[in-house]
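Trainee: Please find one structure pasted underneath; my questions will follow.
The values are calculated or read from the model by the stated rules, or taken from the named source; none is laboratory data. Note that the structure is a prediction, hence the values are computed from the model and not measured. Cβ placement follows ideal geometry from the backbone for every residue including glycine, while neighbour counts extend to all protein chains displayed. Ligands, DNA and RNA are excluded from the accessible area calculation, which covers all protein heavy atoms including side chains. Shrake-Rupley method; radii C 1.70, N 1.55, O 1.52, S 1.80 Å.
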Amino acid sequence: MAPCMVIDLHHINDCRKAFSLSPAVKFCVRESKAHLALGKFEDAIKALQTSQAIDPRNDEVQSLLTEYKRMNALVNEGSALILAGKSAAVLARLSSIIEKAPGSRAAKVLQLQALTASGRASEAVQKSTQLLMDYGSDDIEIVTLRGQALFANGELEKAQSHLRQALQHDPDYAPAATSLKAVRRMLRLKDEGNAAFKAGNNEEAIEKYSEALTLNPSSKTFNSTIACNRCAARMKLGQWEAALADADLAIEFDENYTAACEHCLPNAWCYKWA
């Protein structure tokens with residue numbers, strides 16, 4: 001248990017003892033803030049509600065109750081909001097929640113989901129490293145979220161390793177199983193496309209690369225590589241317009257992917273206007 005959590009637990013006990021000796025709103029407020037720091041939103045709300053028996057119209061208590069209930073609602077409903085495409089709004093509110101409730105595992109897990117969903121997978125990967133240190137490498141939810149962030153970040157081999165790790169702890173954990181299936185399919189299509197390209201079967205390579213590009217639009221680095229590979233296959237077939245479009249697509253996925261700029265794009269232009 002982290003030292004700050006021990007301090008907050010002692011503070012909660014001290015507040016309760018003080019309240020039993022001399023019931024006062026201030027002790028309930030202090031207890032509620034200690035619960036909040038631990039990420040115990042419902043306990044924080046209950047502590048404030050206890051004070052209402054003493055002073056039902058206390059402005060500070062009313063304000064804190066409203067704030068805590070909103071925090072609790074976001075943490076409980078955040079996953080659904082992310083699925084509804086509101087990850088940016090969730091992230092904006094989570095920053096202040098995590099600042100006030102640094103012990104909230106639920107809020108930090110939600111932040112990982114929102115970062116990945118909003119296209120900030122590299123940040124999610126970084127934050128997941130700290131969460132695994134805080135909560136342990138056997139926390140299958142965080143291991144899976146890290147795997148999903150790596151997947152979205154185009155690091156498919158690493159993603160596969162983390163998702164397998166999660167399933168070793170719980171073979172029936174659906175989020176890990178579903179993501180692992182998608183990762184394996186993308187890797188298989190990439191390998192099959194590369195094999196077809198090397199064998200001179202460019203139409204088959206294009207077909208495999210095209211299918212791979214439909215699977216996970218958020219995996220920008222991986223998709224940039226695949227788009228560039230498809231560009232190369234199309235150049236072999238003299239499909240210059242399509243090759244140029246793929247080079248542009250590679251850059252659209254990842255503007256830092258220099259292979260598209262240094263190889264596919266110039267070559268496609270040269271062949272088109274030759």
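Trainee: Please report, ordered by residue number, the helices (runs of 4 or more DSSP H) entirely within segment 67-166 with at least 2 residues that are in contact (Cβ under 8 Å) with a residue 40 or more places away in the chain and open to solvent by 20 Å² or more (accessible area, probe 1.4 Å).
Mentor: Correct list: 105-117.
Trainee: For segment 217-252, enumerate the residues that are within 25 Å of residue 120 (Cα to Cα) and open to solvent by less than 20 Å² (accessible area, probe 1.4 Å).
Mentor: Listed by number, the residues that qualify are 219, 222, 223, 224, 226, 227, 228, 246, 247, 250.
Trainee: Quick one: which residue in 54, 12 is of a type in the set (Val, Ile, Thr) and not in a helix (DSSP H, G or I)?
Mentor: Among 54, 12, only 54 is of a type in the set (Val, Ile, Thr) and not in a helix (DSSP H, G or I).
Trainee: Sticking with this structure for a sec: For segment 15-25, which residues satisfy the criterion of being aliphatic (A, V, I, L, M) and assigned to a helix (DSSP H, G or I)?
Mentor: Within segment 15-25, 18, 21, 25 meet the criteria.
Trainee: Is segment 191-203 home to any residue that is farther than 24 Å from residue 157 by Cβ, open to solvent by 60 Å² or more (accessible area, probe 1.4 Å), at pLDDT 90 or above and part of a helix (DSSP H, G or I)?
Mentor: Looking through segment 191-203, at least one residue is farther than 24 Å from residue 157 by Cβ, open to solvent by 60 Å² or more (accessible area, probe 1.4 Å), at pLDDT 90 or above and part of a helix (DSSP H, G or I).
Trainee: Which of the residues spanning segment 75-89 are farther than 19 Å from residue 141 by Cα and of a type in the set (A, V, I, L, M)?
Mentor: Result: 84, 88, 89.
Trainee: Follow-up question, since we're still on this one. Where residues in segment 254-264 are open to solvent by 40 Å² or more (accessible area, probe 1.4 Å) and in a helix (DSSP H, G or I), which of them is modelled with the lowest pLDDT?
Mentor: Restricting to residues being open to solvent by 40 Å² or more (accessible area, probe 1.4 Å) and in a helix (DSSP H, G or I), the top hit is 261.
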